[in-house]
2 protein chains.
Amino acid sequence: MIAESSQLETRLKGLVRVPEDDLARALLFFTPVFFKKTEYLLSQDQVSNQLYFINSGLVKSYLLQDGKEHIRQFAAENDFIVDLQSFLSRQKTSFFIQALEDTAALAISFDNLNMLFESSFHFMKLGKTLADQSAISLIRRSVSLVKDDAKKRYADFMKERPGLVQRVPQFMIASYLGITPESLSRIRKEMVHG
Amino acid sequence: MIAESSQLETRLKGLVRVPEDDLARALLFFTPVFFKKTEYLLSQDQVSNQLYFINSGLVKSYLLQDGKEHIRQFAAENDFIVDLQSFLSRQKTSFFIQALEDTAALAISFDNLNMLFESSFHFMKLGKTLADQSAISLIRRSVSLVKDDAKKRYADFMKERPGLVQRVPQFMIASYLGITPESLSRIRKEMVHG
DNA sequence: CCCTCAAATTGACCTATGGTAAGAAATGCG
DNA sequence: CGCATTTCTTACCATAGGTCAATTTGAGGG
């Protein structure tokens, strides 16, 4: 086992029970990769071919529309990130994934990941568990977008990702929340006072 | 095999390749259930314990907030529906699932579904595939909620679920789109004219 | 066939958020 | 340290969508 994979190992063990030797074999397929701040892990019109597990650092996934960035997800330590649509369908992505900090990650290719899933019941179950959890958090997000106003979404974001508020520039949090930086600035002013 | 399960069989075969005898065995665990219009498949504060496959009819999943309905999903023929969060976590749901038409469905309990998943690699893969697809469509929805205005979301809804526009009252489509019935009415007026 | 009730429309008005622009503050780099 | 660039704030006005109330439309039951 390589040193970089211990966080990943812990994370996977937290998801489902996997026999030690299976787990060790899986970890061999993850390759350490490093991205400097502003580097891209994925760019529009590529086919997403790597799933990343973030060991340290921070990345954002976003798409462009009329030159405007719409952030879909932040991924930090112990998060996975990929464009699932492109990764699974082998079609071109419409997303970018970009490092917001110098980032150390472990990458696994589509073919290798698939091979792992197909090679063992435990891995397939692990894949299902990851997909289940993604779906649940995506339901939360889409419900919140129709149910809550921007102030509530910001308050929730601070509660759910407390570390990120200091690490992500405000205009990107605004983008993630679906509002303008100006609106977020006003919301923050309101919260400090009455 | 029971008659009601042929649609489900077709649907499952479309997702992943499953040996015929495994598939036949699985179908035995699905029980036909019927709901009259307005009946509830699931109510707030229950633990979601059944996953439904809709053979015919139409249901909505929604939650209440200050007496207002926020519709999260419509499920019609050949759709699955469940509150994934509650179903997987065994915690109380905050959703309702209610029939909008007389509905014939196939239900499988959490325990039986889990047993099927655990019993065979093919079923686990099928479960993963379903979860993957849910996640992808949820990503689409949440992206659209931050990226598109109400007019675009309505146009997309008509394109993606063309049958539903005639079967679902307008005020429910509005709720699904995250706007008021009045706004949807104005949007429709605009679309007819300029 | 009418009556009733729910749904849809419309109009007037209101509020949250967006757009633009400018300046202030913070950050990063030579 | 100090300049340059990015980010944040503020102010002003514009707009999408919300609220409320009044009609109108439409569907189902008696």
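The values are calculated or read from the model by the stated rules, or taken from the named source; none is laboratory data. Just so it is clear, the model here is predicted, and its values are computed rather than measured. Reconstructed Cβ throughout: ideal geometry from the backbone, glycine too, with neighbour counts over all protein chains shown.
With B:Asp83, B:Asp79 as the choices, which residue is more than 16 Å from DNA strand D (Cβ to nearest atom), in contact with a strand residue (DSSP E or B) (Cβ under 7 Å, 6 or more places away or on another chain) and facing chain A (nearest Cβ under 9 Å)?
Sole residue among the options that is more than 16 Å from DNA strand D (Cβ to nearest atom), in contact with a strand residue (DSSP E or B) (Cβ under 7 Å, 6 or more places away or on another chain) and facing chain A (nearest Cβ under 9 Å): B:Asp83.
Taking A:Val47 as meeting all but one of (1) surrounded by fewer than 17 Cβ atoms within 10 Å (Cβ to Cβ); (2) within 13 Å of chain B (Cβ to nearest Cβ); (3) more than 16 Å from the chain's Cα centre (by Cα); (4) at pLDDT 95 or above, write down the number of the exception.
Result: A:Val47 fails condition (2) only.
Results for (1) in contact (Cβ under 8 Å) with a residue 60 or more places away in the chain; (2) within 17 Å of B:Leu138 (Cβ to Cβ); (3) within 14 Å of chain B (Cβ to nearest Cβ), shown as yes or no for each residue.
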position	(1), (2), (3)
A:Leu145	no, yes, yes
A:Phe157	no, no, yes
A:Leu164	yes, no, no
A:Ile179	no, no, yes
A:Met191	no, no, no
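Looking for something over 24 Å from B:Ser142 (Cα atoms) and either of a type in the set (Gly, Ala, Ser) or not in a strand (DSSP E or B) (or both) - is there at least one such residue anywhere in region B:79-88?
Going through region B:79-88, the residues over 24 Å from B:Ser142 (Cα atoms) turn out to be none.
So far as region B:79-88 goes, no, none of its residues is over 24 Å from B:Ser142 (Cα atoms) and either of a type in the set (Gly, Ala, Ser) or not in a strand (DSSP E or B) (or both).
Which count do you get for residues in region A:100-119 that are crowded, with 18+ Cβ neighbours inside 10 Å and facing chain B (nearest Cβ under 9 Å)?
Looking only at that region, the number is 1.
Which of (1) touching an Asp or Glu at 6+ places or on another chain (Cβ under 7 Å); (2) under 19 Å from B:Glu101 (Cα atoms); (3) crowded, with 18+ Cβ neighbours inside 10 Å is the odd one out, the single condition B:Ser56 does not satisfy?
The one condition B:Ser56 does not meet is (3).
Could we say that B:Leu88 is of a type outside the set (Lys, Arg), surrounded by 18 or more Cβ atoms within 10 Å (Cβ to Cβ) and either more than 11 Å from chain A (Cβ to nearest Cβ) or under 14 Å from the mean Cα position of the chain (by Cα) (or both) here?
no
Evaluate the following for B:Lys125: is it within 15 Å of DNA strand C (Cβ to nearest atom), within 11 Å of another protein chain (Cβ to nearest Cβ) and basic (Lys, Arg)?
no
Determine which single condition A:Ala131 fails, assuming it passes every other condition in (1) part of a helix (DSSP H, G or I); (2) surrounded by fewer than 21 Cβ atoms within 10 Å (Cβ to Cβ).
Failing condition for A:Ala131: (2).
Answer yes or no as to whether B:Leu51 is aliphatic (A, V, I, L, M) and more than 20 Å from A:Leu138 (Cα to Cα).
Here the answer is no, as B:Leu51 does not meet what is asked.
Which residues, counting only those in region A:150-194, are near DNA strand D (Cβ under 10 Å from one of its atoms), at pLDDT 95 or above and not in a helix (DSSP H, G or I)?
Those that are near DNA strand D (Cβ under 10 Å from one of its atoms), at pLDDT 95 or above and not in a helix (DSSP H, G or I): A:Val168, A:Pro169, A:Thr180.
Which is assigned to a loop (DSSP other than H, G, I, E, B) and under 26 Å from B:Pro169 (Cβ atoms), of B:Lys60, B:Lys37? Give the steps one after another, and end with the answer.
Details: B:Lys60 fails: assigned to a loop (DSSP other than H, G, I, E, B).
The unique qualifying residue is B:Lys37.
Suppose we filter region A:156-185 for residues that are near DNA strand C (Cβ under 8 Å from one of its atoms) and touching a Pro at 6+ places or on another chain (Cβ under 7 Å); how many remain?
Of the residues in that region, 1 qualify.
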